[in-house]
Amino acid sequence: AAPVTSVTPRQARLALLNAGLLEQVQSAVNASEDATKISWEFATAINRDDPLISAIGSALNLSPEQIDALFESAATF
């Protein structure tokens, strides 16, 4: 199966909630600059290759494989 490269914000948040990471991600976003906050709040799609995803993943010490797994999980919601 092809890797999941894009999910809706709803799917992303449900996957993060399911993984117990939603609060940590929200805290990381809130500690970021305004452009990041706007992107997180108003994006119509969450793309795997968005630098925001890599930055949040790094802030939470998530490996690329763990981020991929979150996208796979998100696609099921």
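The values are calculated or read from the model by the stated rules, or taken from the named source; none is laboratory data. Keep in mind that what you see is a predicted model, and the values were worked out from it rather than measured. Positions of Cβ are generated from backbone atoms using ideal geometry, with glycine treated the same way; all protein chains shown enter the neighbour counts. SASA here: full protein model, heavy atoms, side chains in, ligands and nucleic acids out. Shrake-Rupley method; radii C 1.70, N 1.55, O 1.52, S 1.80 Å.
Taking label points 7 Å from Cα along the Cα-to-Cβ direction, Asp68 and Thr8 give a separation of 2.6 nm. Projecting label points 7 angstrom from Cα along Cα→Cβ for Asn30 and Ala55 puts them 1.8 nm apart.
Only protein heavy atoms count here; on that basis, with a 1.4 Å probe, Leu17 has an accessible area of about 110 Å². Computed over the chain, the per-residue total of -39500 (n - 2.57) for DSSP H runs of n ≥ 4 gives a 222 nm mean residue ellipticity of -18000 deg cm²/dmol, rounded to 500. All Cα-Cα separations within the chain were binned at 5 Å from zero, giving a P(r) of 3, 16, 29, 31, 15, 3, 1, 0, each value a whole percent of the pairs.
What you get for the chain, charging only the Cβ of Lys and Arg (+1) and of Asp and Glu (-1), is a dipole of about 180 debye around the Cα centre. Residues Glu23, Glu33 ordered from highest to lowest accessible area at a 1.4 Å probe: Glu23, Glu33.
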